[in-house]
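K.L.:
Before I ask anything, here is the structure I am working with.
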Amino acid sequence: MSTTSPPRTKVHRRNTCRLCNSARLTLVMQLAPTPPANAFVYEAELGVDQELFPLDLYFCEDCAHLQRLDLLDPWVLFEHYVYVSGTSPVFVKHFEDYAAFVMDSYKPNPGGLVLEFGSNDGTLLDFFQKSGMRVLGVDPARSISEDATARGIETICGLFGKELGEDILATRGKAEVICANNVFAHIDDLAGVVDGIRNLLTPSGVFVFEVSYLGDVVRNILFDTIYHEGLDYHSVKPLVRFFAAHGLEFIDVLPVPTHGGSIRCVAQLAGGPHAVQPSVAASIADEEAMCLDRAETFRSFARNIDALGAELRRLLNGLKADGKRIAGYGAPAKATTFLYHFRIGPDLIDFIVEDNPLKQGMYTPGKHIPLVPPSVLADAKPDYILILAWNFADAIIEKHASYRQAGGRFIIPIPAVREV
């Protein structure tokens, strides 16, 4: 077994706000440093030290944007990505409804181009293709993009930005629809990306993107949605200002339930044909009422996180003291933040059940808790299962009703600790 440490990963530190370029940035939260959230390892790699990186959050005093400033190489994070949307029936249905929403609401010209960056396995684009649109994906995960192309969803392996946007414009023409889902928070050069979007959109085109919503993160203590892939924790007010500075205008904001609370935002070229919906102004008013434009809000948020962690550790330590066996369920990226910040390791959790076959047989980043298929539950019979993929808690509990009927218990940790 190798015990040699890999080369140190370079970390770049920016010193200005990603949205408005202000240097007036205030440190408001420090989560426990972790390895990259999806840096799963195989058994042969367990002796290799995994480097930890900071998870510090800064508040922009000028535009109220919350963000991280320590940047890892995006190719390190995404080239060997193992999450695929199509493994989750919940997300497949979500993307089917999403495509229908765009087609019905904005009526793009039939046969026009739909571009998605961060397209993953092409689940969303597949529904647009079935609606008669031409589709093109862009994603840095090499094997996933190759698999998507092989299944008929042409996908460029790369990182979208102004330069790649110009290449697509020259070879494919303008896009009726551009989408980005759970990726708009992962990009350092947002200005270049938005400039690329502006240049690619048809005059009546729309840019539709979904991101985890800062209002829900704070309200529901969704701290584990903060990890190294994410650089920004978005709210509407700073985004409206940012988009306007780049020739685009917000026209709608809709709440969506994914990841515990997200928003679907729609933008068009400034002065475009689609009416600005009241949801934009209403969202900004709600954010001001929540004081998302004040640094103290996030210091208070950090205190709430620590209180939740203390409660959960008391429960888990008590169960272990009583001789109970505890397993986890789900190893999404957010589980890395969760396990590190709450100091939960193999001393408390014996194994983690994972539905994604790409992760089965691997070990969690840093903590090295084994990931096993659901079939293991029948023999292992843990007394409790801590649901780390808490946004799918209802589906997981329903799927494993027999475990519960046999006396097993589930623990849902977010937004409040509860047993079922």
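The values are calculated or read from the model by the stated rules, or taken from the named source; none is laboratory data. Just so we're clear, the structure is a prediction, and the values are computed from it rather than from any experiment. Heads up, the Cβs are rebuilt from the backbone with ideal geometry, glycines too, and the neighbour counts pull from every protein chain shown. SASA here: full protein model, heavy atoms, side chains in, ligands and nucleic acids out. Shrake-Rupley method; radii C 1.70, N 1.55, O 1.52, S 1.80 Å.
K.L.:
Quick check: is even one residue across the stretch 373-385 of a type in the set (Ser, Thr, Tyr) and more than 25 Å from Ala401 (Cα to Cα)?
P.N.:
Taking the stretch 373-385 first, the residues of a type in the set (Ser, Thr, Tyr) are 375, 384.
After this cut, where a residue has to be more than 25 Å from Ala401 (Cα to Cα) as well, the list is none.
The answer is no, given that none of the residues of the stretch 373-385 is of a type in the set (Ser, Thr, Tyr) and more than 25 Å from Ala401 (Cα to Cα).
K.L.:
Also, I was wondering about something else. Can you name every residue in the stretch 355-389 that is open to solvent by 20 Å² or more (accessible area, probe 1.4 Å) and either among the charged types (D, E, K, R) or closer than 24 Å to Gly261 by Cβ (or both)?
P.N.:
If we filter the stretch 355-389 for residues that are open to solvent by 20 Å² or more (accessible area, probe 1.4 Å), which is where we start, we get 355, 357-358, 360-361, 363, 366-368, 370, 372-376, 378-381, 383-384.
Asp355, Lys367, Asp379, Lys381, Asp383, listed by residue number.
K.L.:
Is there any pair linking a residue in the stretch 231-247 that is of a type in the set (D, E, K, R) to one that is at pLDDT below 95 and buried (at least 21 other Cβ atoms within 10 Å of the Cβ), with Cβ under 6 Å and at least six apart or on different chains, and which?
P.N.:
Asp232/Ala185
K.L.:
Suppose we keep only residues that are open to solvent by 40 Å² or more (accessible area, probe 1.4 Å) and under 23 Å from the mean Cα position of the chain (by Cα) within the stretch 304-320. Which one would you say is farthest from His65 (Cα to Cα)?
P.N.:
Asp306
K.L.:
Does Lys359 count as assigned to a loop (DSSP other than H, G, I, E, B) and either touching a residue at least 60 places away in the same chain (Cβ under 8 Å) or more than 23 Å from Leu319 (Cβ to Cβ) (or both)?
P.N.:
Values: assigned to a loop (DSSP other than H, G, I, E, B): yes; either touching a residue at least 60 places away in the same chain (Cβ under 8 Å) or more than 23 Å from Leu319 (Cβ to Cβ) (or both): yes.
Against the criterion (assigned to a loop (DSSP other than H, G, I, E, B) and either touching a residue at least 60 places away in the same chain (Cβ under 8 Å) or more than 23 Å from Leu319 (Cβ to Cβ) (or both)), Lys359 qualifies.
K.L.:
Also: Please count how many residues of the stretch 21-46 are over 20 Å from the mean Cα position of the chain (by Cα), open to solvent by 20 Å² or more (accessible area, probe 1.4 Å) and within 28 Å of Phe117 (Cα to Cα). Talk me through it step by step, then tell me what you get.
P.N.:
Start the filter on the stretch 21-46 by keeping residues that are over 20 Å from the mean Cα position of the chain (by Cα), which leaves 21-28, 41-46.
Subsequent filtering for residues that are open to solvent by 20 Å² or more (accessible area, probe 1.4 Å) retains 21, 23-27, 42-46.
Applying the additional criterion that residues be within 28 Å of Phe117 (Cα to Cα) yields 21.
Looking only at that region, the number is 1.
K.L.:
Please state which one of Gly323, Gly366, Gly345 is part of a loop (DSSP other than H, G, I, E, B), modelled with pLDDT of 95 or more and under 21 Å from the mean Cα position of the chain (by Cα). Can you show your working first?
P.N.:
Details: Gly323 fails: under 21 Å from the mean Cα position of the chain (by Cα); Gly345 fails: under 21 Å from the mean Cα position of the chain (by Cα).
Residue meeting the stated conditions: Gly366.
K.L.:
Follow-up. Given the options Asp49, Asp104, Asp97, Asp62, name the one that is open to solvent by 40 Å² or more (accessible area, probe 1.4 Å), assigned to a loop (DSSP other than H, G, I, E, B) and at pLDDT 95 or above. Talk me through it step by step, then tell me what you get.
P.N.:
On the way: Asp49 fails: at pLDDT 95 or above; Asp104 fails: assigned to a loop (DSSP other than H, G, I, E, B); Asp97 fails: assigned to a loop (DSSP other than H, G, I, E, B).
Of the residues listed, the single one that is open to solvent by 40 Å² or more (accessible area, probe 1.4 Å), assigned to a loop (DSSP other than H, G, I, E, B) and at pLDDT 95 or above is Asp62.
K.L.:
Please give the number of the condition Leu115 fails out of (1) surrounded by fewer than 18 Cβ atoms within 10 Å (Cβ to Cβ); (2) modelled with pLDDT of 95 or more; (3) not β-branched (Val, Ile, Thr).
P.N.:
Unmet for Leu115, out of (1) surrounded by fewer than 18 Cβ atoms within 10 Å (Cβ to Cβ); (2) modelled with pLDDT of 95 or more; (3) not β-branched (Val, Ile, Thr): (1).
K.L.:
So in the stretch 255-279, with the set limited to residues that are in contact with a Leu (Cβ under 7 Å, 6 or more places away or on another chain) and assigned to a loop (DSSP other than H, G, I, E, B), which one is farthest from Phe91 (Cα to Cα)?
P.N.:
Ala270
K.L.:
Yes or no: Asn15 at pLDDT 90 or above and either out of contact with any helix residue (DSSP H, G or I) (no Cβ under 9 Å at 6 or more places or on another chain) or not in a loop (DSSP other than H, G, I, E, B) (or both)?
P.N.:
Details: at pLDDT 90 or above: yes; either out of contact with any helix residue (DSSP H, G or I) (no Cβ under 9 Å at 6 or more places or on another chain) or not in a loop (DSSP other than H, G, I, E, B) (or both): yes.
The answer is yes for Asn15.
K.L.:
A further question on this structure: So is Ala191 of a type in the set (A, V, I, L, M, F, W, C) and either closer than 30 Å to Met29 by Cβ or buried (at least 17 other Cβ atoms within 10 Å of the Cβ) (or both) or not? Working first, answer last.
P.N.:
On the way: of a type in the set (A, V, I, L, M, F, W, C): yes; either closer than 30 Å to Met29 by Cβ or buried (at least 17 other Cβ atoms within 10 Å of the Cβ) (or both): yes.
Judged against the criteria, Ala191 is a match.
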